[in-house]
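Data first, discussion second: the structure below is written as structure tokens.
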Amino acid sequence: MTIVNIDDLRLAARRRLPKLFFDYIDGGSFAEETYRRNKDDFSLLRLRQHVLVDYAEPDLSTEYLGRRHSLPFMLGPVGLLGRAHAYALATAGQARVDRAIETLRRVFSIILALMGVSSIADLKERGSHLIFKQ
């Protein structure tokens, strides 16, 4: 399957993950009203193409929460994701998953869930970029 957009990625995850994990990661709380509104709002955004512009050295960095960050977004808390990670390790190959996780830790700021499966100390020890606690 060729993944070219978020819908393709979601479909690939639905096919690969056990239903329990997919529903948790993909869903929202209660009646999922905020989830639906966010999805509707994001669907209104349009990306403007910049044709014939030199992007030899693109810079996605921005400032938020009083610090400079290399990317303009953060990973939000998903406490049960640790369980899906254990499943991924068992099915996708340890080295490939470890490589992806290490890349995420170096690049993204992380917001930890209150009931997450990783401690701040553990993430710092593994070289996480910047950590916030929910």
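The values are calculated or read from the model by the stated rules, or taken from the named source; none is laboratory data. Model, not experiment: these values are computed from the prediction. Every residue, glycine among them, receives a Cβ derived from its backbone with ideal geometry; neighbour counts consider all protein chains shown.
Look through region 18-57, keep the residues that are assigned to a loop (DSSP other than H, G, I, E, B) and under 16 Å from the mean Cα position of the chain (by Cα), and return whichever of them is surrounded by the fewest Cβ atoms within 10 Å (Cβ to Cβ).
The extreme case among them is 27.
Working only within region 27-56, note down all residues that are modelled with pLDDT under 85 and at negative phi.
Result: 27, 28, 29, 47, 48, 49, 50, 51, 53, 54, 55, 56.
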